[in-house]
Each structure stands twice: as C-alpha cells, then as structure tokens.
Amino acid sequence: MKKLVFLIFCFIVHSVGYSQIIENIDEISPFHEEFAAVKKGDQWAFINSKGVQVINFRDDLVSSKNETGITFGSYPVFRDGRCLIRKITDNVYHYGYIDSNGKEIIASQYVNATNFQDGYAIVIYVEKKVMGYNKVLGKDVISYTLKESIIDTSGKTVKDLDNARNYVKSKYNLQNPPVFYSKFLGSHLIAVQTTDAKKWTIYKF
C-alpha cells in the first residue's frame with residue numbers, strides 16, 4: 001500500500017513539473033520580442049515565453065532568414081510588434097502585417113514588404129492610373145507603376161521613395177515578386193537605388 005501511494009505521488013510530481021503543452025512540432029525558432037515561432041507541416045504558430053500558444057497555426061505567416069543566416073533556416077518573426085503575412089491574389093502574393101494578437105493590423109495590399117526595423121518597413125505597391133479612354137476597344141487605358149514607400153507600424157506612409165518603375169504583371173508570380181530598390185542602412189537612414197543608372201542615394205528620414 002505504501003509503495004502504491006509513493007508511486008502515485010511520484011507520478012503527480014512528474015506531471016506537474018513536466019507538463020506537455022504542444023506536441024508533434026517540426027521546427028522551433030529562437031525567441032524574438034518574447035515570441036517564438038513553431039511549425040507543424042506547412043503552418044506556423046507563435047508561443048510566448050511561458051510556452052503558451054498565443055497565435056494559432058496558420059499558413060499565411062511569412063518566413064524570413066534569421067539574423068545569422070547560419071542556423072535554424074528561416075521562420076516568421078515579430079519586429080516592432082508586427083509580423084509579415086501574405087495572401088494570394090491573381091497569382092501574386094500581397095503582403096500585410098498582423099499584431100501580437102493575430103489581428104491583421106495593416107491590410108495585405110503590397111506586392112512585397114520587409115519586416116519592421118526601428119519602427120519602419122519598406123513596402124512595394126502598384127499604382128494604377130487611368131491615362132485615357134480607348135473608343136475602339138471601349139475601355140480605359142491604364143498605366144501600372146511599381147512604387148516603394150516607407151511606412152510606420154500603423155501603416156501610415158512616412159516617405160515615398162524616388163525609384164518608380166513600370167509594372168508588367170506577366171513578369172511577376174508567386175516565385176518572382178518585385179525586388180526592392182532600397183534598403184535600410186540604420187535608424188532613420190535608407191539607401192535608394194535608381195532604376196536606370198543603378199546608382200545609390202542615401203536619405204535621412
């Protein structure tokens with residue numbers, strides 16, 4: 001009898017001290033801003049520092065290369081309280097951001113976007129302009145232009161970048177999104193590449 005009580009006691013202590021939270025995980029990322037990404041199959045979720053799953057498994061989270069580029073491959077991350085997501089529209093990814101509650105806080109409207117850095121991100125969007133009307137075809141003549149901007153964590157445009165170029169939809173698909181012609185150099189410092197001479201200009205914003 002005493003032996004049975006002892007075994008039950010050991011089982012209870014073991015269960016309390018080592019309780020299973022999430023099982024069958026394929027990948028686990030390091031913590032970033034108190035969140036770690038966990039993967040099952042093709043879906044990612046987030047846990048907090050206590051191991052509690054705070055964002056459910058979903059297939060729209062965007063994986064990014066980790067800071068070292070050496071270990072753990074790539075995974076979704078939170079930067080400045082925002083995580084990149086993407087949705088497919090007309091065979092093209094459109095990017096947006098969720099907050100730490102999993103709510104889409106910035107709509108998926110960009111054809112490419114970076115993670116936030118020091119409160120800002122670079123996004124690429126398509127500007128549509130009606131240039132005139134074709135009477136023969138009976139429809140508007142439309143021009144499409146790729147533009148880059150800096151946005152803040154609310155989605156507000158902070159600066160439009162001077163590197164617009166023509167958008168030819170047939171050139172882009174899920175495997176080939178528009179590439180960036182700009183990059184952050186540091187806090188409030190960005191380098192912008194021209195589309196013709198391939199020269200760089202550095203801006204303070």
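What follows draws every value from the coordinates through simple rules; no lab data is involved. These numbers come from a predicted model, not from an experiment. Note: ideal-geometry Cβ built from the backbone for every residue, glycine included; neighbour counts use all protein chains shown.
Per-structure values
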item: Around Tyr203: net Lys/Arg minus Asp/Glu count, Cβ-Cβ under 15 Å; result: 0
item: Added length on full extension, which subtracts the Cα-Cα distance from 0.36 nm per residue, Lys40 to Ser187; result: 49.4 nm
item: Between 0 and 90°, nearest 10: helix 2-17 axis offset from the chain longest Cα axis; result: 20 degrees
item: P(r) weight above 18 Å for the stretch 150-205, C-alpha pairs, percent; result: 45 percent
item: Gain on full stretching of the segment that runs from Ser74 to Met131 - 0.36 nm per residue minus C-alpha separation; result: 16.3 nm
item: Net charge over other residues, Cβ less than 15 angstrom from the Cβ of Leu189 (K, R count +1; D, E count -1); result: +2
item: Length released on extending from Asp90 to Asn48, taking residue separation times 0.36 nm less the Cα-Cα span; result: 11.6 nm
item: For the chain, alpha-carbon Rg relative to the globular expectation (2.2 N^0.38 Å, N residues); result: 1.39
item: Average Cα contact separation per residue, the stretch 63-194, under 8 Å, 6 or more apart, as relative contact order %; result: 16 percent
item: Val141-Glu104 pseudo-label distance in nm [points 7 Å out on the Cα-to-Cβ vector]; result: 3.5 nm
item: Cross-link pairs Lys169/Lys198; Lys159/Lys204; Lys65/Lys103; Lys147/Lys183; Lys87/Lys129; Lys87/Lys169 - those with Cα-Cα distance over 20 Å; result: Lys169/Lys198; Lys65/Lys103; Lys87/Lys129
